[in-house]
1. Within the stretch B:194-281, which strands (runs of 3 or more DSSP E) (wholly inside it) include 3 or more residues that are under 30 Å from A:VAL30 (Cα atoms) and within 12 Å of chain A (Cβ to nearest Cβ)?
2. Kindly evaluate A:PRO260 against the criterion of being closer than 19 Å to B:THR420 by Cβ, touching a helix residue (DSSP H, G or I) at 6+ places or on another chain (Cβ under 8 Å) and either surrounded by fewer than 22 Cβ atoms within 10 Å (Cβ to Cβ) or aromatic (Phe, Trp, Tyr) (or both).
3. Tally time: how many residues in the stretch B:163-180 are over 22 Å from A:ALA407 (Cβ atoms) and either open to solvent by 20 Å² or more (accessible area, probe 1.4 Å) or modelled with pLDDT under 95 (or both)?
4. Looking at the stretch A:318-329, I want the residues that are small (Gly, Ala, Ser) and have a partner that is buried (at least 24 other Cβ atoms within 10 Å of the Cβ) and at pLDDT below 95 with Cβ atoms under 7 Å, at least 6 apart or on another chain. Which pairs are those?
5. Scan the stretch A:183-211 residue by residue and report those that are in contact with a Gly (Cβ under 7 Å, 6 or more places away or on another chain) and modelled with pLDDT under 95.
6. Please work out which one of (1) over 30 Å from B:LYS26 (Cβ atoms); (2) within 10 Å of chain B (Cβ to nearest Cβ) is the condition A:GLU64 fails and give its number.
7. Out of curiosity, is B:PHE382 buried (at least 24 other Cβ atoms within 10 Å of the Cβ), farther than 18 Å from A:VAL109 by Cβ and more than 7 Å from every other protein chain (Cβ to nearest Cβ)?
8. Please verify whether A:GLY376 is touching a residue at least 12 places away in the same chain (Cβ under 8 Å), under 30 Å from A:ASP227 (Cα atoms) and open to solvent by 10 Å² or more (accessible area, probe 1.4 Å), treating the condition exactly as stated.
Number of protein chains: 2
Amino acid sequence: MQIYRYPLLNSWPEITKRPSADFLEKIETVSKVMSKIRSEGDAAIRKFTKQFDHADIEDFKVSETEINEAINRIEPSLKNAILIAAQNIDTFHVAQKFSSRVIETMPGVKCWQKALPIERVGLYIPGGSAPLFSTVLMLGIPAMIAGCHNVILCTPPDKKGNIHPAILYAASVCHITEIYKIGGMQAIGAMAYGSETVPKVDKIFGPGNSWVTAAKQFVANGDCAIDMPAGPSEVAVMADETANPAFVAADLLSQAEHGPDSQVILITTQEHLIKEVIKIMGKQLKELPRSEIAAKALENSRAILVKDVEEMIGLMNYYAPEHLIIATKDAGELAERITNAGSVFIGNYTPESAGDYASGTNHTLPTNGWAKSFSGIGLDSFCKKITFQHITKEGFRLLGPVIEEMAQAEQLFAHKNAATLRMK
Amino acid sequence: MQIYRYPLLNSWPEITKRPSADFLEKIETVSKVMSKIRSEGDAAIRKFTKQFDHADIEDFKVSETEINEAINRIEPSLKNAILIAAQNIDTFHVAQKFSSRVIETMPGVKCWQKALPIERVGLYIPGGSAPLFSTVLMLGIPAMIAGCHNVILCTPPDKKGNIHPAILYAASVCHITEIYKIGGMQAIGAMAYGSETVPKVDKIFGPGNSWVTAAKQFVANGDCAIDMPAGPSEVAVMADETANPAFVAADLLSQAEHGPDSQVILITTQEHLIKEVIKIMGKQLKELPRSEIAAKALENSRAILVKDVEEMIGLMNYYAPEHLIIATKDAGELAERITNAGSVFIGNYTPESAGDYASGTNHTLPTNGWAKSFSGIGLDSFCKKITFQHITKEGFRLLGPVIEEMAQAEQLFAHKNAATLRMK
């Protein structure tokens, strides 16, 4: 962990730096893979699955039997935990439903918005070292609440062509039955363009490695909407003398274990806290199966000592972390002053892992400083809002002259004429 | 206008085709321009302004004197029209304010969302043949309501280095004072990366030609958020025997006059309406100053005769038009069945030009079929939502075991430990 003591304002860009994006380097490869999938469909997907995932898959679609077998294999205690988490996620996302309201902007001029589900959505769930079934809940539940008509899920198979049963169980909780054993770039291509087996979708959601991210960015340039630009996961902890060093250490490590490129930042007014946290992290690290990954992530991580709360808040809003844990005595008040963050965890008993799994908030959040302009995933992400308007003949008498005047000044005379004709 | 009589389902992809996107063809040029702006700042912007806009600009920033002079030059009748439109836009967008609500998903587990303004936003207003001051209102008013701290505006100067006074007046109505005489790709680069004169922003909004669009897509890949992917403007009209052919003709022409690549589609159950509309368009066209542009757009436009209302609705939702005018006897009911469109105009007295200028709805809308997954611009576009959560010690006793169980199954033991420690 790199330690910065009382950094000056001009060092903020440096100490909040993320690993650089490399979309442009990958665009050529991604472009070739996408174009193959577009022209050859299933055959190309099959070829890339063999090449990248070392799995020989004849039929990508997970069968009903496979799903049922998976459901039977999950321990009741895990089922129970998943169901509690699902209930909380459902409660929080149902509360986000949009209620339409007709606004009469002028007499006879009625305008309103209506939220409608995005009809066809595709969820990508990474495989690799950990079976991220929690992400299935985080994407599948809001898709279900929104009422998306077609929800499909792609996830890479292991070398034997299997999907982790917990992923299949979580999908069944979200009523997702169309699941495909496809990972990486080829999954993104399959969902963006469609193939003989995989239906084309309107929007793709979900995390992934840098190739998946590059493929998502590629298709977003003209072919398919995506949830948000993604980068390695991050946590920042703001702590004062009331913070519990063991809790802080555990929270930092739980971010660090995600991957060697994870970002972990501790900002505090307490020099001794930095020392204690680092010491405890060393101990906790030894007991982790993923200690190598976490240790690697810690190398690029930072502990920053600042002079006061003002600076702590300022630096946090400048950094715009994906996750922000506030472990200070006035955590609730400080939270009020946060303007850039994906998700904020207030107080000593609110670890990031609560939001990662079970409290109800979504864990798909903007990384890499995108929290300055993007929201995390919510019900909104699975809907689009359409505006409607209805104007009466009388209403148009009021509005028509305004349209005529403005259209004339913009030199758009057909626009003007559309108004003039209706006032005759 | 191309006429299709009773097209079969398998011809829908063909008859709803848009001009193809060409981002990849432009990426090399755009990449070079962006990299120059990034490294050389104002000097590069100055060079490109000379090269592309043929204007020699020393100081990009519009002075207070220029703004005041512009305000004085605008006719009172136009000022009045702009103020009425601004009031309606304000009314409709203020009503979109998000109210935060705390949700207790489990006893002691409180979660909520809060909408916060995107702090720094950049508005791009195209110049060229028409001074689109209405777009200033459509972007500037929601930015003002959202409470964005820094709102800047870029718009290309004419060859003498001037900005149209109506653009400056509309900006003043939205309290925008930071206005730069920069157009095209160089404006997007300036706002995405910042320069000595132009501050970097977090999100760029606004329409533009295909180069502006390509530059926006380029910066969206890692450097700056953008409003939405853009394409040529479109209108579709659904009409039955109750439609007024002259109104329909005027509405189609008001889209066609936007540009030679505009898309205009008429879908109707009435064969004679197609004939009449085409005849009347011919007459109206002659009186338009932009008749050449409109005629060109009409060449690629379509009139489609369908057998019934079901097919009309089906084809519309498949096409997902930016603007949809419904001129039928049961327009209100049909509108209820629209699931893919940017903005819907219901009935004979609700022309698209009402929403383009003055009814209150936003005119920045998804084109090119993006209405399937994107909303038009609204107050949301200028905000991001942050989630917050607070868990009590008692609440954590309920939630902790769920987190432990799930983290263990995902093999993320540091996540599990963050829960275990808090339950001791």
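1. Numbers: elements: B:203-205, B:234-239, B:263-268.
Answer list for the stretch B:194-281: B:203-205.
2. Working: closer than 19 Å to B:THR420 by Cβ: no; touching a helix residue (DSSP H, G or I) at 6+ places or on another chain (Cβ under 8 Å): yes; either surrounded by fewer than 22 Cβ atoms within 10 Å (Cβ to Cβ) or aromatic (Phe, Trp, Tyr) (or both): yes.
Criteria not met by A:PRO260.
3. Of all residues in the stretch B:163-180, those over 22 Å from A:ALA407 (Cβ atoms) come to B:175-180.
Next cut, either open to solvent by 20 Å² or more (accessible area, probe 1.4 Å) or modelled with pLDDT under 95 (or both) only: B:175, B:177-178.
Qualifying residue count for the region: 3.
4. Within 7 Å, no pair qualifies.
5. Answer for the stretch A:183-211, where residues must be in contact with a Gly (Cβ under 7 Å, 6 or more places away or on another chain) and modelled with pLDDT under 95: just A:TRP211.
6. (2)
7. Values: buried (at least 24 other Cβ atoms within 10 Å of the Cβ): yes; farther than 18 Å from A:VAL109 by Cβ: yes; more than 7 Å from every other protein chain (Cβ to nearest Cβ): yes.
Here the answer is yes, as B:PHE382 does meet what is asked.
8. Values: touching a residue at least 12 places away in the same chain (Cβ under 8 Å): yes; under 30 Å from A:ASP227 (Cα atoms): yes; open to solvent by 10 Å² or more (accessible area, probe 1.4 Å): yes.
Yes, satisfied.
The values are calculated or read from the model by the stated rules, or taken from the named source; none is laboratory data. Because the structure is a prediction, the values reported are computed rather than measured. Glycine gets a Cβ as well: all are built from the backbone with ideal geometry, and neighbour counts include every protein chain shown. These accessible areas exclude ligands, DNA and RNA; they are computed on the full protein's heavy atoms, side chains included. Shrake-Rupley method; radii C 1.70, N 1.55, O 1.52, S 1.80 Å.
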